[in-house]
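Quick notes on the structure that follows.
The values are calculated or read from the model by the stated rules, or taken from the named source; none is laboratory data. Just so it is clear, the model here is predicted, and its values are computed rather than measured. Ideal geometry is used to build each Cβ from the backbone, glycine not excepted, and the neighbour counts take in all protein chains shown.
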């Protein structure tokens, strides 16, 4: 099956839209091949503001109808306790919110952007998707991340080379309680490093201590800007360190 065939069988769909590479291409394909599609972006404390801005920009460029759903993810005890399978509870909450509002809008088929490169055995959130009968067309059609980037480039989507971005909760070790404070620290620290020109990095936190992970090729730049980085990040963390096990 290819995407054109999928949307012939499923012409009316609601898409869980994050503004990332996968869901962006899925929305593009739905607009191209489907008859009636609506995008739903769930804004919680786990998403930085730039993700919402990217989602709005792409939806506008595609002429897609997009609805933003507010979700207080920190009101869910199973999520803030941050167990190893936190993603299961988070996905349940997100897709329950989407399904409820999409149904009010007349949509019963819910799609997400999981692709064929995603390892189901390592993703508790995918169990939740299966339980809620959410369909993953990119995965069903065998499209890998590399293929989706290539197709997105051909389609002229600005997201084609957008770096992978996991939610802010992934910056906090499993078992450590997730709070508004440590989520804000991660978002502000990463926003600052991005403005300095760093790419493909993460700022992990552990009980108030920051650990910067970035590619080896950017170590020199970080050391050159060490004083500035320390000054800014110590507004949010007690200590700041560089992880010598480089990303990638």
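Quick notes
- Residue in region 60-71 that is in contact with a strand residue (DSSP E or B) (Cβ under 9 Å, 6 or more places away or on another chain) and buried (at least 21 other Cβ atoms within 10 Å of the Cβ) present: no
- Among residues that are at pLDDT 95 or above and surrounded by fewer than 15 Cβ atoms within 10 Å (Cβ to Cβ), residue 171 is not included.
- Positions within region 160-181 being in a helix (DSSP H, G or I), in contact with a helix residue (DSSP H, G or I) (Cβ under 8 Å, 6 or more places away or on another chain) and within 13 Å of residue 48 (Cα to Cα), in sequence order: 168, 169, 171, 180
Conditions (1) within 27 Å of residue 88 (Cβ to Cβ); (2) under 24 Å from the mean Cα position of the chain (by Cα); (3) surrounded by fewer than 19 Cβ atoms within 10 Å (Cβ to Cβ), marked per residue:
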residue: 161; (1), (2), (3): no, yes, yes
residue: 176; (1), (2), (3): yes, yes, yes
residue: 183; (1), (2), (3): yes, yes, no
residue: 203; (1), (2), (3): yes, yes, no
residue: 206; (1), (2), (3): yes, yes, yes
residue: 230; (1), (2), (3): no, no, yes
residue: 236; (1), (2), (3): no, yes, no
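- Of all the residues in region 203-234, those that are closer than 21 Å to residue 169 by Cβ and without any contact (Cβ under 8 Å) to a residue 24 or more places away in the chain number 0.
- Summed over region 184-214, the residues that are part of a strand (DSSP E or B) and in contact with a helix residue (DSSP H, G or I) (Cβ under 8 Å, 6 or more places away or on another chain) give a count of 6.
- Residue list for region 36-59, restricted to those being within 17 Å of residue 103 (Cα to Cα) and surrounded by fewer than 17 Cβ atoms within 10 Å (Cβ to Cβ): 36
- Subset of region 215-241 that is touching a helix residue (DSSP H, G or I) at 6+ places or on another chain (Cβ under 7 Å) and outside any helix (DSSP H, G or I) - its residue that is farthest from residue 179 (Cα to Cα): 240
- So residue 39, is it in contact with a helix residue (DSSP H, G or I) (Cβ under 6 Å, 6 or more places away or on another chain) and in a helix (DSSP H, G or I): no
- Residue match in region 9-28 (condition: out of contact with any strand residue (DSSP E or B) (no Cβ under 6 Å at 6 or more places or on another chain), surrounded by fewer than 16 Cβ atoms within 10 Å (Cβ to Cβ) and closer than 17 Å to residue 112 by Cα): yes
- Output for region 60-82, where each listed residue is assigned to a helix (DSSP H, G or I) and over 19 Å from residue 161 (Cβ atoms): 60, 73, 74, 75, 77, 78, 79, 80
- Test set (1) in a loop (DSSP other than H, G, I, E, B); (2) out of contact with any helix residue (DSSP H, G or I) (no Cβ under 8 Å at 6 or more places or on another chain) - residue 147 fails condition number: (1)
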